[in-house]
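Structure record follows, encoded as structure tokens.
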Amino acid sequence: MILDTRYLILRLGQAVLVLLLAFTAAFILLSLIPGDGVTARFADPALGLSPDQIAEIREATGADDSWFGRYLTSLTGFLTGDFGYSVQTGAAVSTIIAAALPSTVVLAASGFVTALVLAVVIAVFATFGPSTGPTARVRRVLDSVPSLFISIPVFWLGILLIQVFSFQLGVVSVVDPGPAEALVLPTLTVAVPLSAPIAQVLIRSITEVQASGFVKVTTAKGASELWILVHTVARNAVLPGLTIIGLVFGELVAGAVVTETVFGRNGIGLITAQAVTHRDNPILLAVVVIATFGYVIINLAVDLLYPVIDVRLRTKRSAASAGKALRSHDEPTRRAMTATAASVGVDLDWDDESKEKNS
């Protein structure tokens with residue numbers, strides 16, 4: 001078994017603990033803000049509400065309860081799927097989130113996939129090809145592209161894309177566009193800054209793997225640069241890229257919030273901006289928990305993929321089981337590995353099995 005059951009249970013427990021800590025931290029920070037949303041919403045003299053009516057509203061919403069009582073009520077509600085009610089509109093927060101979430105998920109998914117494709121293309125062309133001549137100059141230019149992309153503010157890029165592609169060139173309309181057309185510019189706005197750290201890590205990782213001894217041995221045996229890149233370098237260079245993919249998910253959420261505000265998309269970002277303006281704490285708490293849940297799930301998936309991609313990261317029990325199976329049933333593979341290891345100066349000890357039996 002590639003994944004150890006104990007490790008899987010441990011990682012799931014850590015994910016639950018992170019979610020609980022994030023909920024607690026968000027609740028405490030929102031509670032420390034002076035005033036509350038009920039006062040901000042209903043104490044306006046223009047509404048004409050009497051002090052008694054405002055007091056009834058505060059009692060009905062639990063605004064005057066102790067912070068620990070509100071914490072337990074909110075935590076119990078979140079565990080049962082009840083996020084409470086919006087202070088601004090009075091609608092259920094779960095209904096508001098459910099209406100806005102699909103738009104944000106589509107934008108995040110399209111931006112994430114586009115960023116991955118863009119990062120891989122930049123990394124490959126920045127590390128593949130001759131190291132002299134015109135191609136080398138192109139490689140140096142591509143090597144500096146991630147630094148440029150990561151320095152571009154998301155809101156500025158969104159406005160720039162609207163000016164160029166919509167108002168100047170007229171290629172993409174931002175006034176009453178279709179579903180697909182409305183996704184083009186927001187996707188680019190999210191993807192460009194997001195691709196920068198992924199491309200930068202991939203470039204450095206590919207360069208380090210290309211300088212490894214086993215790659216030089218493979219090159220000396222006559223393999224083409226493209227074959228080495230696909231079959232040898234890519235798999236060994238993907239782990240650092242996988243790590244950064246999990247970490248940039250937070251940037252994806254932040255980028256989606258700003259992008260939806262710039263393009264006026266009805267998503268989680270837009271309702272978050274409105275909730276901040278009106279101090280709608282139930283919505284803000286729900287958004288924080290949902291964003292944390294997505295972040296935890298992405299990083300949990302990345303952690304669980306490590307031992308699947310790299311056998312060196314598997315548990316001792318899994319590695320021993322795999323090694324035992326290899327020693328017992330795959331003699332040709334054993335001879336091939338011995339020859340390959342010997343070519344790079346490594347002497348594999350296949351006598352471990354007999355030693356284990358004797359002990």
| Burial order of peptide ranges 45-51, 72-78 (average beta-carbon count within 10 Å, highest first) | 72-78, 45-51
| task | For a quick protection proxy, order the peptides 252-258, 164-170 by their average other-Cβ count within 10 Å, most packed first. | result | 252-258, 164-170
| message | Could you work out what % of the accessible surface of segment 43-105 is carbon and sulfur, using a 1.4 angstrom probe and leaving DNA, RNA and ligands out of the count? | response | 61 percent
| Residues whose placed amide H lies under 5 Å from that of Tyr85, excluding near-sequence neighbours | Val93
| Rounded to whole Hz, the Karplus (6.51, -1.76, 1.60) HN-Hα couplings of segment 46-52, x for glycine and proline | 5, 7, x, 7, 7, x, 5
| message | Taking every pair of distinct Cα atoms and averaging 1/r, then inverting, what Kirkwood hydrodynamic radius in Å comes out for segment 240-292? | response | 11.8 Å
| query | What ³J(HN,Hα) values, in whole Hz, does the Karplus curve 6.51 cos²θ - 1.76 cosθ + 1.60 give for segment 203-213 when θ = phi - 60°, with x put for Gly and Pro? | reply | 4, 5, 5, 5, 4, 5, 5, 4, 8, 6, x
| field | Accessible area per residue in Å² at 1.4 Å probe, computed on segment 184-306 | value | 42 Å²
| said: Just to verify a number: what accessible area does Tyr306 come out at with the full protein assembly present, 1.4 Å probe, Å² rounded to tens? | reply: 50 Å²
| Residues of segment 18-146: accessible area per residue with a 1.4 Å probe, Å² | 58 Å²
| message | So if each residue of separation counts as 0.36 nm, and I subtract the Cα-Cα distance between Leu304 and Ser144, what length gain in nm does that give? | response | 54.4 nm
| message | Which order do the peptides 124-132, 237-245 come out in when sorted by mean C-beta neighbours inside 10 angstrom, highest first? | response | 237-245, 124-132
| query | Hull surface divided by four, with the convex hull built on the Cα atoms of segment 85-228: how many nm²? | reply | 13.1 nm²
| field | Probe 1.4 Å, all protein chains present, accessible-area order of Asp280, Asp82, Asp52, largest first | value | Asp52, Asp82, Asp280
| remark: Magnitude of the Cβ-charge dipole (Lys and Arg +1, Asp and Glu -1) of segment 161-268 about the Cα centre, nearest 20 debye, reported as 500 debye
| note | Expected vector for segment 62-78, Karplus 3J(HN,Hα) from phi with 6.51, -1.76, 1.60 and θ = phi - 60°, integer Hz, x for Gly and Pro, equals x, 5, 9, 5, 5, 5, 6, x, 5, 5, 5, 5, 5, 5, 4, x, 5
| Between segment 261-313 and segment 182-249, how many Å separate their Cα centres? | 25 Å
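The values are calculated or read from the model by the stated rules, or taken from the named source; none is laboratory data. Given the structure is predicted, the values throughout are model-derived calculations rather than measurements. Cβ sites come from the backbone with ideal geometry, for glycine too, and all protein chains shown count toward neighbours. Side chains are part of the model used for accessible areas, which takes the heavy atoms of the whole protein and leaves out ligands, DNA and RNA. Shrake-Rupley method; radii C 1.70, N 1.55, O 1.52, S 1.80 Å.
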